[in-house]
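Taking it in order: structure first as structure tokens, then the write-up.
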Amino acid sequence: MRTRPLKVALLGCGVVGSEVARIMTTHADDLAARIGAPVELAGVAVRRPTKVREGIDPSLVTTDATALVKRGDIDVVVEVIGGIEPARSLITTAFEHGASVVSANKALLAQDGAALHALAEEQGRDLYYEAAVAGAIPLIRPLRESLAGDKVNRVLGIVNGTTNFILDKMDSTGAGYQEALDEATALGYAEADPTADVEGFDAAAKAAILAGIAFHTRVRLDDVYREGMTEVTAADFASAKEMGCTIKLLAICERAADGGSVTARVHPAMIPLSHPLASVRGAYNAVFVESDASGQLMFYGPGAGGAPTASAVLGDLVAVCRNKLSGATGPGDSAYAQLPVSPMGEVVTRYHISLDVADKPGVLAQVATVFAEHGVSIDTVRQQGKDGEASLVVVTHRASDASLNGTVEALRNLDTVRGVASIMRVEGE
Ligand code: NDP
Ligand code: HSE
């Protein structure tokens, strides 16, 4: 074993960073044995230097992250600050000053992954980010390496723990969205500002990263269709139950049937209770990967939290350190396929539509005609009438999102349709 240690700069020592530091210390001997050299925490960059940080030598703490990554003797920079800046500048500076990078930053990777990968390659460095998608669950490496010989057609999953906790609460207790969010906040799952989670931005960033790796194609954050889950109601859950379904916020990345394009989307969807994703409870994540040769694979586990996320960071750290010692770099970016990313309008799936309508002769026929005129085939219709009004629930066969949108627009223009109470996609059948 080499005795000279590999030097690690830790940028950020919050929920994830503090656990990375703890595991680096407590598992130091095992890590050294697995890597073939000891790893030394050479500096810890934070925003608040006076905060007490258990297990961290105060002499290592600095607020000058730039000076730390510019030192020239750092082998690996672990970026767990989050956000776009200063994380992006620090990572590029790290590459330019001889370090490889491990990051958990999905927002940055989804936005600037291509440029960061290009710089890493130019400088002969590694850029690893297993922790950026689904916390502890090994997903990036299986897609990038284990499935490198297969053809991935679909990645479908729950990649945000906060929203899964909220939806699970709504489903199991009948709570409304706000009540479930309050509980998620009180238990520390939801952040003070939960926008990134509940509006689907966090899951969309993860979908962009997954789709890019799965399909060897550049998928930007803007390419991902995104709908949050704030509009999901207790009534939607009641409707889902009647269909033998539950509701999950799903990230879905698909190759088109002809193989010529891909799509990536995040939105709430009904899934049958018999689908394995329906039983993913609390803040857990689970992702299905469907490939030509492997068939269906399911990855399941804790998608967030300090220690689980640090597990993924440490796995990357070991891999990057091993690469350093062997004078090599790991597999980089692969976007050779350059498949176009199709807009949401071209996505084909099933829909559950709840309408408030007048309860009088001919209304059902009128509604059915609108569906037929837009080429959307109806699978089932349920009607419940009360005092001259009725609630009509239509479930369609597979149709394109563009056809469905056209149908809904036309339905809104019917005098007999008082309102469109909800539209939800039905997946996983
Ligand atoms: P925290 O907010 O808990 O920690 C952020 C850390 O960065 C803090 O130590 C903070 O310092 C430090 N920091 C902030 N700004 C600067 C700056 N300008 N210079 C130096 N240090 C700075 O975030 P998390 O640990 O939760 O998240 C870190 C990353 O991991 C993010 O990219 C996140 O998306 C990702 N991630 C997080 C998961 C989780 O469950 N928390 C799961 C998966 C990924 P100070 O301590 O002084 O405030
Ligand atoms: N806020 C994210 C979640 C953290 O709830 O899943 C993990 O990326």
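The values are calculated or read from the model by the stated rules, or taken from the named source; none is laboratory data. Bear in mind that the values here come from a model prediction, so they are computed numbers and not experimental data. Glycine gets a Cβ as well: all are built from the backbone with ideal geometry, and neighbour counts include every protein chain shown. When the accessible area is computed, the model is the full protein with side chains, heavy atoms only, and any ligands, DNA or RNA have been set aside. Shrake-Rupley method; radii C 1.70, N 1.55, O 1.52, S 1.80 Å.
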* **Over the chain: helical MRE at 222 nm, DSSP H runs n ≥ 4 each giving -39500 (n - 2.57), nearest 500** => -10500 deg cm²/dmol
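Restricting to the chain, compute how many DSSP beta bridges are antiparallel as a %, nearest 5. Working shown, then result.
Values: 54 of 77 bridges.
Beta bridges within the chain, antiparallel portion: roughly 70 percent.
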* Structure fact -> Rounded to a whole %, the carbon-and-sulfur portion of the accessible area of the range 44-134 at a 1.4 Å probe is 48
* If you place +1 on the Cβ of every Lys and Arg and -1 on the Cβ of every Asp and Glu, how big does the dipole about the Cα centre of the chain come out, in debye to the nearest 20? -> 920
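Do you know the relative contact order of the range 49-156, to the nearest whole percent, from alpha carbon pairs under 8 angstrom that are 6+ apart? Can you show the working numbers first?
On the way: 117 pairs, mean separation 21.4, N = 108.
Here the relative contact order equals 20 percent.
Using only the heavy atoms of the protein chains and a 1.4 Å probe, how would M229, M243 rank by accessible area, largest first?
Descending accessible area places them as M243, M229.
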* Most mobile of V318, V44, V76 per a Gaussian network model of the chain (Cα springs, under 10 Å)? -> V318
* Roll a 1.4 Å probe over the protein chains and send me the accessible area per residue for the chain in Å². => 43
* Rg(Cα) / (2.2 N^0.38 Å) computed for the range 128-268, rounded to two decimals -> 1.11
* Structure fact -> Listed by chain and number, the residues whose amide H is under 5 Å from that of L6, excluding neighbours fewer than 5 places away on the same chain and using placed H, are V39, E40
* In Å², nearest 10: area of K51 left accessible to a 1.4 Å probe -> 100
* Asked: With the contact rule set at Cα under 8 Å and sequence spacing of 6 or more, what percent relative contact order holds for the range 140-302?
  -> 33
* **Cα point-scatterer Debye curve for the range 203-338, base-10 log of I(q)/I(0) at q = 0.14, 0.17 Å⁻¹** => -0.84, -1.16
* Structure fact -> At the level of C-alpha centres, the distance separating the range 351-429 and the range 273-340, in angstrom, is 39
* To do: Please report, in debye to the nearest 20, how large the charge dipole of the range 140-302 is about its Cα centre when each Lys and Arg carries +1 at its beta carbon and each Asp and Glu carries -1 there.
  => 600
* When the Cα centres of the range 175-237 and the range 15-36 are compared, how far apart do they sit, in Å? -> 31
* Kirkwood Rh in Å, taken over the chain so that all alpha-carbon pairs contribute -> 23.2
* **Nearest-ten-degree value, helix 306-326 long axis tilted from longest Cα axis of the chain** => 50
* Structure fact -> The base-10 log of I(q)/I(0) that the Debye equation returns for the range 193-275 at q = 0.24 Å⁻¹, one scatterer per C-alpha, is -1.05
* Counting only pairs 8 or more places apart or on different chains, how many lysine pairs in the chain have C-alpha atoms closer than 28 Å? -> 23
* When only C-alpha pairs under 8 Å and at least 6 residues apart count, what is the relative contact order of the chain, in percent? -> 16
* What residue among A251, A104, A32 has the largest mean-square fluctuation in a Gaussian network model of the chain, using Cα springs under 10 Å? -> A32
* Solvent-accessible area, 1.4 Å probe, carbon plus sulfur percent, for the range 228-315 -> 55
* Asked: So which residue, out of D75, D168, D356, gets the largest mean-square fluctuation from a GNM of the chain using Cα contacts under 10 Å as springs?
  -> D356
* To do: Towards the positive end of the charge dipole of the chain, with charges on Cβ (+1 Lys, Arg; -1 Asp, Glu), say which of A192, L116, Q338 has the farthest Cα.
  => L116
* Which is farthest toward the positive dipole end of the chain among L60, A286, G244, measuring Cα position about the Cα centre, with Cβ charges +1 (Lys, Arg) and -1 (Asp, Glu)? -> L60
* To do: Would you work out the charge dipole size for the range 345-426 about its Cα centre, treating the Cβ of every Lys and Arg as +1 and the Cβ of every Asp and Glu as -1, and quote it to the nearest 20 debye?
  => 200
* For the charge dipole of the chain, defined by +1 on Lys and Arg C-beta atoms and -1 on Asp and Glu C-beta atoms about the Cα centroid, which residue among L210, C253, A402 has the Cα displaced farthest towards the positive pole? -> L210
